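Coordinate-derived values only; no laboratory data. Fair warning: this is a prediction, and the values are worked out from it, not measured in the lab. All Cβ positions, even for glycine, are placed from backbone atoms using ideal geometry, and neighbour counts span all protein chains on display.
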Amino acid sequence: MKEILSRYIPERALVPAFELIVKYNVHLKIVNERVTRHGDYRKMPNGQHQITVNASLNQYRFLITLIHEIAHLVAFEKYGRYIKPHGVEWKRTFQQLMVPYIIPQIFPQKLLPVLANHFKNPRASSDTDEKLSLALKQFDPVNDKNYIFELPLGSTFRLYNGKIFKKGNKRVKRYECVEISTGRIYLFNPNAEVELLH
């Protein structure tokens, strides 16, 4: 497992991350990309802790996602199963687990201030933090996708499932977008990756 993990995270993060996996008896599954999430945690009926992480993530996003999911496990074990999944207990746990990794030996210097800012109050997904999402995207393989917040108002875009939408106004945190074929309005996370059509 350690050898496999070494392909997905920064070299200097390998030993401490592997120690966490062993300590909490995690069954780590590295899976093909799921568009709706980077990773997840679940306690299996046999009591084993299973964490899945997308294989397609760059090494920095993979590490953050892995620690995010381990934080769920640790928070549930420490505070009980009835806490909010991304509540104060999880945030505190995620911060504590992540701090040892936010160093220049693991993350590039230009990412460190963005990470430090994010971990003052971590969110349910790193994708909902626009600055962190953009900073991490620099390390992704080049693709033809854009974030919704980057698109001009009124532009049309295609989702991974082929559906086409027109970008509307921002409503609090999300963008109202109209599905062209049905006229129905959907709310999109600003950091959803889409293909700009025009």
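The table below gives the values:
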| quantity | calculated |
| --- | --- |
| Among residues of the stretch 171-191, those that are under 16 Å from THR128 (Cα atoms) and either in contact (Cβ under 8 Å) with a residue 60 or more places away in the chain or part of a loop (DSSP other than H, G, I, E, B) (or both), counted | 5 |
| Failed criterion for PHE62 (all others in (1) in a helix (DSSP H, G or I); (2) surrounded by 18 or more Cβ atoms within 10 Å (Cβ to Cβ); (3) touching a residue at least 60 places away in the same chain (Cβ under 8 Å) hold) | (3) |
| Matching residues, the stretch 125-144, being loosely packed, with under 15 Cβ neighbours inside 10 Å and of a type in the set (Lys, Arg) | LYS131 |
| Among residues of the stretch 134-169, those that are under 30 Å from LYS110 (Cβ atoms), assigned to a strand (DSSP E or B) and either touching a helix residue (DSSP H, G or I) at 6+ places or on another chain (Cβ under 8 Å) or among the aromatic types (Phe, Trp, Tyr) (or both), counted | 3 |
| Boolean, ALA75 is part of a helix (DSSP H, G or I), within 21 Å of LEU28 (Cβ to Cβ), of a type in the set (A, V, I, L, M) and in contact with an Asp or Glu (Cβ under 8 Å, 6 or more places away or on another chain) | yes |
